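For reference, the structure discussed in these notes is given below.
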Ligand SMILES: [Zn+2]
């Protein structure tokens, strides 16, 4: 059996706990960032006339620019 000092055991327990929590935090934060990035990429549109960037929440083939009112064709590629 491995002999451990009590303070070393407490340190190892705390260090393992903190590392586990940090790894889970980084993992879930990374997943959330990727989801948000993909969602934003699909919804952002740039007007061909005035280059205004806006959010198109309707996801249609044609969107109307809220700045100048012109129609923009959405590339569905
Ligand atoms: Zn525009």
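No lab work stands behind these numbers, since they all come straight from the coordinates. Keep in mind that this is a model prediction, so the values were computed, not measured. Heads up, the Cβs are rebuilt from the backbone with ideal geometry, glycines too, and the neighbour counts pull from every protein chain shown.
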Ranking 43, 22 by Cβ neighbours within 10 Å, fewest first, what do you get?
-> 22, 43
Distance in nm between label sites at residue 49 and residue 67, each 7 Å beyond Cα in the beta-carbon direction?
-> 1.2 nm
Over the range 6-73, what is the relative contact order in whole percent, taking alpha-carbon pairs under 8 Å and six or more residues apart?
-> 17 percent
Quick one: 38, 56, 48, fewest Cβ neighbours within 10 Å first, how do they rank?
-> 38, 48, 56
Calculated from DSSP helices alone, with each H run of at least 4 adding -39500 (n - 2.57) and the total divided by the residues of the chain, [θ]222 nm to the nearest 500 comes to -18000 deg cm²/dmol
